[in-house]
There are 4 protein chains.
Amino acid sequence: MSSNSYGTLFRVTTWGESHGPAIGCVVDGTPPLLPLSEPDIQRWLDRRKPGTSRFTTQRKESDTVRILSGVLDGKTTGTPISLMIENEDARSRDYDEIKDKFRPGHADYAYWKKYGIRDHRGGGRSSARETASRVAAGAVARLILGDSVSIRGAVIQLGPHKIDRSRWDWTAVEDNPFWCPDRQAAQAWEGYLDGVRKAGSSCGAVIEVVAAGVPAGLGAPIYGKLDADIAGALMSINAVKGVEIGAGFGAASLSGEENADEMRMRDGEVAFLSNQAGGILGGISTGQEIVARFAVKPTSSILSARKTITKDGRDTEISTKGRHDPCVGIRATPVGEAMLACVLADHLLRHRAQCG
Amino acid sequence: MSSNSYGTLFRVTTWGESHGPAIGCVVDGTPPLLPLSEPDIQRWLDRRKPGTSRFTTQRKESDTVRILSGVLDGKTTGTPISLMIENEDARSRDYDEIKDKFRPGHADYAYWKKYGIRDHRGGGRSSARETASRVAAGAVARLILGDSVSIRGAVIQLGPHKIDRSRWDWTAVEDNPFWCPDRQAAQAWEGYLDGVRKAGSSCGAVIEVVAAGVPAGLGAPIYGKLDADIAGALMSINAVKGVEIGAGFGAASLSGEENADEMRMRDGEVAFLSNQAGGILGGISTGQEIVARFAVKPTSSILSARKTITKDGRDTEISTKGRHDPCVGIRATPVGEAMLACVLADHLLRHRAQCG
Amino acid sequence: MSSNSYGTLFRVTTWGESHGPAIGCVVDGTPPLLPLSEPDIQRWLDRRKPGTSRFTTQRKESDTVRILSGVLDGKTTGTPISLMIENEDARSRDYDEIKDKFRPGHADYAYWKKYGIRDHRGGGRSSARETASRVAAGAVARLILGDSVSIRGAVIQLGPHKIDRSRWDWTAVEDNPFWCPDRQAAQAWEGYLDGVRKAGSSCGAVIEVVAAGVPAGLGAPIYGKLDADIAGALMSINAVKGVEIGAGFGAASLSGEENADEMRMRDGEVAFLSNQAGGILGGISTGQEIVARFAVKPTSSILSARKTITKDGRDTEISTKGRHDPCVGIRATPVGEAMLACVLADHLLRHRAQCG
Amino acid sequence: MSSNSYGTLFRVTTWGESHGPAIGCVVDGTPPLLPLSEPDIQRWLDRRKPGTSRFTTQRKESDTVRILSGVLDGKTTGTPISLMIENEDARSRDYDEIKDKFRPGHADYAYWKKYGIRDHRGGGRSSARETASRVAAGAVARLILGDSVSIRGAVIQLGPHKIDRSRWDWTAVEDNPFWCPDRQAAQAWEGYLDGVRKAGSSCGAVIEVVAAGVPAGLGAPIYGKLDADIAGALMSINAVKGVEIGAGFGAASLSGEENADEMRMRDGEVAFLSNQAGGILGGISTGQEIVARFAVKPTSSILSARKTITKDGRDTEISTKGRHDPCVGIRATPVGEAMLACVLADHLLRHRAQCG
């Protein structure tokens, strides 16, 4: 019942604080004989790493991953894969002011109430830095899923500004600093986010992750539902406040006729005429694209002074300096992809166990 | 890794099909010496049971629960509590037509692809009837939480029609067939839902569940986050397509200043000046009210003919007769409460284990 | 982390007290489409049930099992299989005397210290009656393993009297009331056990369980070792005090040369020249017979008065009346077989998950 | 369901191969605010490390542990504690010969059958080197148990030579290279083991581990029994073939009268008049000393040539060079202590969760 592990058969345990010597994870349950080397993981980490544009934190971290176990001659051996990323640019001084104050919107107060102690330096364990381990684990998960499954993410809303879905273009996603699939929106977002950044403020985002090529049959009733596990996995990402599958909250406004995806045979294959379900029925994949969305709240670290209290119960104010993303939602995109990959890899193994 | 269990320390395993002899659950991990008898559970089951208004299925089920173990002289003994509810009004004939056809929006196709066999009678294991076991388990969970914690739910949107939150009145919730906290909305909904029902159609809903009195410190980083577990638990309820905590998807549109709940001391107590967080920061409860919402899709069983295919791959049509709720979201309200209670009870025990 | 469940993928949760209305279990994770009906389970229960000879308790229990879920038209559906056995001959009066006294050797004192409450009637949850659920689950486990795997048990020591292994004959096992594979020993044991029984005393036993036909590769380093799981499963049976695999404790006295089983090719197949390992190396099956033994202590319920204390801390004496097995080890034989079957079924699914 | 983790609330995940860059573990679930620094762990590792006498392997490993996370200012924070030990003296050349041959008694063949790949260098994952991680985790477990609980181990049989229990002296244990509590036996063992070592052979051992000061009430029926978890934990140690609790296998030969430990009040405290139970009844601790024993088989690496086969199915012979312990049982003593500590720490937290 480790609170720092996820997955059942494909099981990842992460460790490490933002300003400790390193962070890392142990990936257990990987099938043997999969080709794996450090660059296979590094390429995904590079998508999450900070400092790639003016819209992310200026902390300099190369996020270089080392494989410490579980791989021999470029192949997985079936034993646990230990991955480690050293922390390089931890300026703990920046955090002296917040040692005794709780930053509103952060986990400071909650950790302190729970444990009676908290590593205040850079958020300690609650720092989004932990998500690097998720992305590393997600790279292994993708190996298990194989080339027939593709998992991609895109930011579909930045602050209050949504994309126009009719302009969706996956090739655009890699071309702008926002993972935005709508080139026009991406351009507008630049100005918007520059304004937010210069004001020392922050904004939220909505990300959509899509898995194509997932075979029908993954997932399991009742409490091992694929969508329940996806919801839990995405909600476990820092700053996420909402998750939906397929039509999501919009499903409440649909009629029964609109909602239930009709089926037809097309060239001997089963075809659905719509995908309100987001690829999952009764907790089990149907073979359609799996579509999930999650909402990320604005970065809690902002420049303007905010009312708060001290550890010893006095009213005070705080403004967070440090180096922060004006919108953590952007860098959450590869994290969302990684979590979806992990859930699917786990369910692929679980399905194989029960149904052969 | 049972897919039919939830919770870690407070652990519930459910079993049973809609048209089998009975359904039930085994509740493990309950502390000893709690007062428990069948009426303590029955009162919650009565809130979920069918046939209480014209807006729910006309299937007649008394949903009478029996305690088969784990209780001695009206007190829990710490050993597993086995609860059983016999199925009384299972008209399997109604389902003959769907034996070989997949009902759109239902789990039929997905189960068949996964298992190669499915109990088609009343949805079998995927029937919402399973949720009675959840409500029964939730009654035990409430005992663990004690009287200082209250958990309540309300329907805040029926089809496209939202309540006016300024009219929120918890006492109204028990006075109308919709668990609606806005008396005016409840009245409007009657006409709306009558229309839906008479058209043989269906609609969705959004439910809000609120836990008050929850102490700070419950939950655990990183993958045992309280909100992640709530999201998974609510998403595991039949027909749920979205879950959010606090400001939820709306958080994406907030500024950093609006989002981060400020704090002040009030009469020696910590007070938050807002609750965008929904009572959870960094995956740990803060002592504020825990607020979660979930979206339920329209009932998939509708009268109008829908395109589908047969098990042997031919195009056909189907219209579902049986006896169905025009809006399953209504009866999902006590189920959502129960799931929230279970998650909180589990985390209460987990917190006590680690932090004493 | 249910303490009343075992297994990971093939997962069994048992419930029920000796003198409650019923006992039972929920078997989760069973592959679909296996042929299963009540007689398939009943035949194994009949081997464990009391009253079949003068050497077991005279309590009359038909141990009739009912399948309440998870099976359709004689086939498993992949959903949880709920099994229930009603208690028929519970004479709770017999236990009035022990309500306030702790029976030496029994779980009475330990339960009371843990829970502050105990169901004293017939041992409540700690009664060996619970093992009927294990045997029922074991019947399902055998289905998963298939006909190529055979699991058999035999009593190899009764009190201080060991069998002569050179006379081992599996056909003898079904011919005597002791599951003894040595006909000559079985005859001698009759007189011995009659003496024990008439003296109101009891004795222990050692049981050997053997699984043949298990493929190489089951089990998993490091903490999911096949032998570690077998040891835990057998030690969890009531009254078991020791477990060994292959040469077991005798391995300590072997030389390195004697201990390490040599290998040769025989007709294109791998052959081991001995089986000190008991079919398991590094926690993984080798394809040899899996051999485990467990020691059962004497029945704690005996007629002679024994020193004990009362719940309120006074010295007293107790002699247990009730109806008891003079040697619980005998009826533990089918239970040991069942546990071995459950562990192997679980590992078969786990191996399939990771290694395909 | 990680196979490389143990424990439920106090949960340890180990990783690493004998000849990889490092080994280590992640310890999750530790309560916050416990004083912890590297020397607290190092002192226990030093007891297990190789090269301390001529009776252990001459491989030079300082086994220096680093704490990478979970500790702030010398106190645990409640977040995962990552521990790493670098491998220093890995001579992989020594193992070239065995790349294609299976060493009898080793895990080579079983790993290869399971995974189709194996890290042959020094035994890879199946090397006893992994047990250093267990000892490190055990040091944290001891912190949780506190000073009132003491856990000690001793070798009570070396090869066929048993100690005389009447000469048991705990102070002797630290004075000889065998952790032997019988000074006279220890002296005799020197000559015996020198003979074994010079002959290039090996021998087994039996170790007894004793936990004093454990409160009554730890453990949980039915499958979370304290003795079942101890049995599984000890059997998971490399080369262990048997485990027993209290009277163990000897219990089979006791009469019911001898076996059931009588009770009396002594100065207002509960006193047992014997401890055949080994401190556990019904799977729950009674407050008596917890006594467990385990048998370790002879080291499988021996100098004399042994019959074996190659990966491609040819008969051959092998003699293992490398640097090996003539009796791995000796260094298994601190490992057994560590495993017992881990099981008890886990159950302490579990008990606190359920029973407060």
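The values are calculated or read from the model by the stated rules, or taken from the named source; none is laboratory data. Because the structure is predicted, anything quoted here is derived from the model rather than measured. Glycine gets a Cβ as well: all are built from the backbone with ideal geometry, and neighbour counts include every protein chain shown.
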**OP:** State yes or no: is residue B:147 touching a Pro at 6+ places or on another chain (Cβ under 8 Å), at pLDDT 95 or above and acidic (Asp, Glu)?
**Re:** no
Original post:
Given the structure, is residue C:103 more than 18 Å from the chain's Cα centre (by Cα) and not polar (S, T, N, Q)?
Top reply: yes
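Residue by residue, here is whether (1) at pLDDT below 95; (2) within 14 Å of the chain's Cα centre (by Cα) holds:
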{"residue": "C:111", "(1), (2)": "no, no"}
{"residue": "C:121", "(1), (2)": "yes, no"}
{"residue": "C:135", "(1), (2)": "no, yes"}
{"residue": "C:143", "(1), (2)": "no, no"}
{"residue": "C:151", "(1), (2)": "no, yes"}
{"residue": "C:158", "(1), (2)": "no, no"}
Original post:
Which residues, counting only those in segment C:263-280, are surrounded by fewer than 15 Cβ atoms within 10 Å (Cβ to Cβ) and either farther than 25 Å from residue C:220 by Cα or at the interface with chain D (Cβ under 8 Å from one of its Cβ atoms) (or both)?
Top reply: C:264, C:265, C:266, C:267, C:268, C:273
**OP:** Select from segment C:25-42 the residues that are in contact with a helix residue (DSSP H, G or I) (Cβ under 8 Å, 6 or more places away or on another chain), crowded, with 24+ Cβ neighbours inside 10 Å and at the interface with another protein chain (Cβ under 7 Å from one of its Cβ atoms) and list them in ascending order.
**Re:** C:29
**OP:** Please list, ordered by first then second residue, the pairs with beta carbon atoms under 9 Å, 6 or more apart or interchain, first in segment C:287-305 and facing chain D (nearest Cβ under 7 Å), second in a strand (DSSP E or B) and surrounded by fewer than 19 Cβ atoms within 10 Å (Cβ to Cβ).
**Re:** C:298/D:255; C:302/D:255
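How many residues are facing chain C (nearest Cβ under 7 Å) and touching a helix residue (DSSP H, G or I) at 6+ places or on another chain (Cβ under 7 Å) if we restrict to segment D:2-16?
Of all residues in segment D:2-16, those facing chain C (nearest Cβ under 7 Å) come to D:3-6, D:8, D:14.
Applying the additional criterion that residues be touching a helix residue (DSSP H, G or I) at 6+ places or on another chain (Cβ under 7 Å) yields D:6, D:8, D:14.
Of the residues in that region, 3 qualify.
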**OP:** Scan C:128, C:186, C:139 and give me the residue that is small (Gly, Ala, Ser), more than 30 Å from residue B:31 (Cα to Cα) and touching a Lys or Arg at 6+ places or on another chain (Cβ under 8 Å).
**Re:** C:139
Original post:
Which of the residues that make up segment D:228-263 are touching a Ser or Thr at 6+ places or on another chain (Cβ under 8 Å), under 20 Å from residue C:111 (Cβ atoms) and of a type outside the set (Gly, Ala, Ser)?
Top reply: D:259, D:261, D:262, D:263
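Can residue A:98 be described as touching a Phe, Trp or Tyr at 6+ places or on another chain (Cβ under 9 Å) and either buried (at least 23 other Cβ atoms within 10 Å of the Cβ) or closer than 22 Å to residue B:217 by Cβ (or both)? Walk me through it before giving the result.
Details: touching a Phe, Trp or Tyr at 6+ places or on another chain (Cβ under 9 Å): no; either buried (at least 23 other Cβ atoms within 10 Å of the Cβ) or closer than 22 Å to residue B:217 by Cβ (or both): yes.
For residue A:98, the condition - touching a Phe, Trp or Tyr at 6+ places or on another chain (Cβ under 9 Å) and either buried (at least 23 other Cβ atoms within 10 Å of the Cβ) or closer than 22 Å to residue B:217 by Cβ (or both) - is not met.
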Original post:
How about segment A:177-287: which helices (runs of 4 or more DSSP H) wholly inside it have at least 3 residues that are farther than 23 Å from residue B:304 by Cβ?
Top reply: A:183-198, A:226-235
Original post:
Among the residues of segment D:237-262, which ones are farther than 14 Å from residue C:205 by Cα, surrounded by fewer than 24 Cβ atoms within 10 Å (Cβ to Cβ) and at the interface with chain C (Cβ under 7 Å from one of its Cβ atoms)?
Top reply: D:257, D:262
**OP:** Please verify whether segment A:43-50 includes one or more residues that are crowded, with 16+ Cβ neighbours inside 10 Å, within 12 Å of chain D (Cβ to nearest Cβ), part of a loop (DSSP other than H, G, I, E, B) and in contact (Cβ under 8 Å) with a residue 40 or more places away in the chain.
**Re:** no
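Taking the residues in segment B:121-168 that are hydroxyl-bearing (Ser, Thr, Tyr), in a helix (DSSP H, G or I) and touching a residue at least 60 places away in the same chain (Cβ under 8 Å) as candidates, determine which candidate is surrounded by the most Cβ atoms within 10 Å (Cβ to Cβ).
Checking each candidate, the answer is B:133.
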Subject >> Considering residues of segment D:66-95 that are touching an Asp or Glu at 6+ places or on another chain (Cβ under 7 Å) and loosely packed, with under 15 Cβ neighbours inside 10 Å only, the residue farthest from the other protein chains (Cβ to nearest Cβ) >> reply: D:89
Subject >> Failed item, numbered, when residue C:133 is tested on (1) within 13 Å of chain D (Cβ to nearest Cβ); (2) over 20 Å from residue C:62 (Cβ atoms); (3) among the hydroxyl-bearing types (Ser, Thr, Tyr) >> reply: (2)
Original post:
Could you count how many residues in segment C:306-351 are within 11 Å of chain D (Cβ to nearest Cβ) and among the aliphatic types (A, V, I, L, M)?
Top reply: 6
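So, restricting to strands (runs of 3 or more DSSP E) that lie completely within segment A:289-333, which ones have at least 2 residues that are crowded, with 24+ Cβ neighbours inside 10 Å? Even if it seems obvious, please write down each step before you answer.
Working: elements: A:290-296, A:306-309, A:315-318.
Counting at least 2 such residues, we get A:290-296.
Which of the residues spanning segment B:141-161 are of a type in the set (Val, Ile, Thr) and closer than 15 Å to residue B:176 by Cα? Spell out how you get there, then give the answer.
Pass one, segment B:141-161, residues of a type in the set (Val, Ile, Thr): B:144, B:149, B:151, B:155-156.
Across segment B:141-161, the qualifying residues are B:155, B:156.
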**OP:** Just one of (1) in a loop (DSSP other than H, G, I, E, B); (2) farther than 23 Å from residue B:282 by Cβ; (3) within 19 Å of the chain's Cα centre (by Cα) trips up residue A:54, so point out which.
**Re:** (3)
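In this structure, is residue C:63 farther than 26 Å from residue D:252 by Cα, within 18 Å of the chain's Cα centre (by Cα) and either at pLDDT below 95 or surrounded by fewer than 24 Cβ atoms within 10 Å (Cβ to Cβ) (or both)? I'd like the intermediate steps shown before the answer.
Details: farther than 26 Å from residue D:252 by Cα: yes; within 18 Å of the chain's Cα centre (by Cα): yes; either at pLDDT below 95 or surrounded by fewer than 24 Cβ atoms within 10 Å (Cβ to Cβ) (or both): yes.
For residue C:63, the condition - farther than 26 Å from residue D:252 by Cα, within 18 Å of the chain's Cα centre (by Cα) and either at pLDDT below 95 or surrounded by fewer than 24 Cβ atoms within 10 Å (Cβ to Cβ) (or both) - is met.
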Original post:
Which one is farthest from residue A:241 (Cα to Cα), of the residues in segment B:225-259 that are more than 18 Å from the chain's Cα centre (by Cα) and either among the hydrophobic types (A, V, I, L, M, F, W, C) or modelled with pLDDT under 95 (or both)?
Top reply: B:254
Original post:
Among the numbered criteria (1) over 18 Å from residue D:241 (Cα atoms); (2) surrounded by 24 or more Cβ atoms within 10 Å (Cβ to Cβ), which single criterion is violated by residue C:283?
Top reply: (1)
Subject >> Subset of segment D:109-125 [out of contact with any Leu (no Cβ under 9 Å at 6 or more places or on another chain) and at the interface with chain C (Cβ under 7 Å from one of its Cβ atoms)] >> reply: D:113, D:125
**OP:** For residue C:111, indicate whether it is crowded, with 17+ Cβ neighbours inside 10 Å, in contact with a strand residue (DSSP E or B) (Cβ under 8 Å, 6 or more places away or on another chain) and within 24 Å of residue D:280 (Cα to Cα).
**Re:** yes
**OP:** Can you tell me which residue within segment A:14-24, out of those that are closer than 13 Å to residue A:83 by Cα and out of contact with any Pro (no Cβ under 7 Å at 6 or more places or on another chain), is surrounded by the fewest Cβ atoms within 10 Å (Cβ to Cβ)?
**Re:** A:22
Original post:
Can you name every residue in segment D:170-205 that is among the hydroxyl-bearing types (Ser, Thr, Tyr) and either crowded, with 20+ Cβ neighbours inside 10 Å or touching a residue at least 60 places away in the same chain (Cβ under 8 Å) (or both)?
Top reply: D:201, D:202
